[in-house]
1. With the contact rule set at Cα under 8 Å and sequence spacing of 6 or more, what percent relative contact order holds for the range 1-93?
2. The range 63-131: D in µm²/s via Stokes-Einstein (Kirkwood Rh, Cα pairs, 4 °C, 1.567 mPa s)?
3. Could you tell me the calculated FRET efficiency between HIS89 and LEU117, based on Cβ-Cβ distance and R0 = 22 angstrom, to the nearest 0.05?
4. Can you list the residues, at least 5 places off or on another chain, whose amide H is less than 5 Å from the amide H of ARG45, using H built in the peptide plane?
5. Using the Kirkwood formula on the Cα atoms of the range 23-97, what hydrodynamic radius do you get, in angstrom to one decimal?
6. Using a Förster radius of 45 Å, what is the FRET efficiency between ARG169 and PHE77 based on their Cβ-Cβ separation? Nearest 0.05, please.
7. Would you work out which of GLY22, ALA167, TYR54 lies farthest towards the positive end of the dipole of the chain, given +1 charges on the beta-carbon of Lys and Arg and -1 on that of Asp and Glu, about the Cα centre?
8. For the chain, treating each Cα as an identical point scatterer without solvent, what Debye log10 I(q)/I(0) comes out at q = 0.16 1/Å?
Amino acid sequence: MDTQVLVVGGGPTGLTLAVALGQRGVKCTLVEQKEAPQFLPKMERCNARTMEIYRRMGLAERIRGAGLPAHCPMDVFIVLSLVEPPLLHLPYPSVAQARQEFAATHDGSQPLEPYQLISQYTIEPLLKSVAETLPSRVGYIRSAVSETIEEYRGSIPDESLLKYDDAERSGLFSQFMVVTPTYYRQPQVDPWLVAQVAGTSLWAVIARWDAV
């Protein structure tokens, strides 16, 4: 695998990192097992500091355009029923109101950007579309074949074999596997030599190489 940075996980954090690296010309490979956000994703808003990061990346307004409109208040209600008065009402300003308050404050106590309500369902495709325009590689793992190193019939580069020999002699690992993933929309495969840490359920990457 010819990459400077490998990002594992194509959620909002992984995609943001891939975009930030790509904007700086860093070769980046992002892998994600799912082709779409999972059911009931965890994220439903970006806080102020996150929006400041997107501001530096030139994406803040694009994200706001895909999220809750700026005029909508962000009040929080705690209720037992939609036909009964709320148990608690916490008023929060809309994005437009928050921006006015921030602009009127000059003591450095306010962030540069207010929060933004936007679902993971919405922000992931948006960030993925940006990442695909940059010098970064975005792939979704379609499947993977796992074989013991003894069963593997492909060619293993000498450099990777030396790393395997060192790892085997260390006595730290109980078994070694060659895992060969294939990527959504990516025909190439790049085997990984992984090893299980003895006495644990943890696995470590020993070597990677491009198959020929």
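1. Numbers: 78 pairs, mean separation 16.2, N = 93.
Taking the mean separation of contacting Cα pairs over the length of the range 1-93, I get 17 percent.
2. Values: Rh = 14.3 Å.
After rounding, the answer is 90 µm²/s.
3. Working: r = 18 Å, r/R0 = 0.80.
The formula returns an efficiency of 0.80 here.
4. ILE118
5. Values: mean 1/r = 0.0626 Å⁻¹.
Averaging 1/r across every pair of different Cα atoms and inverting gives 16.0 Å.
6. Numbers: r = 63 Å, r/R0 = 1.40.
Result of the calculation: an efficiency of 0.10.
7. Among GLY22, ALA167, TYR54, the one farthest towards the positive end of the dipole of the chain is TYR54.
8. These q points yield log10 I(q)/I(0) values of -1.08.
The values are calculated or read from the model by the stated rules, or taken from the named source; none is laboratory data. What you see is a predicted model, and the numbers here were worked out from it, not measured in a lab. Neighbour counts are summed over all protein chains in view; Cβ atoms, including those assigned to glycine, are modelled from backbone coordinates with ideal geometry. Only protein heavy atoms, including side chains, enter the accessible area calculation; ligands, DNA and RNA are left aside. Shrake-Rupley method; radii C 1.70, N 1.55, O 1.52, S 1.80 Å.
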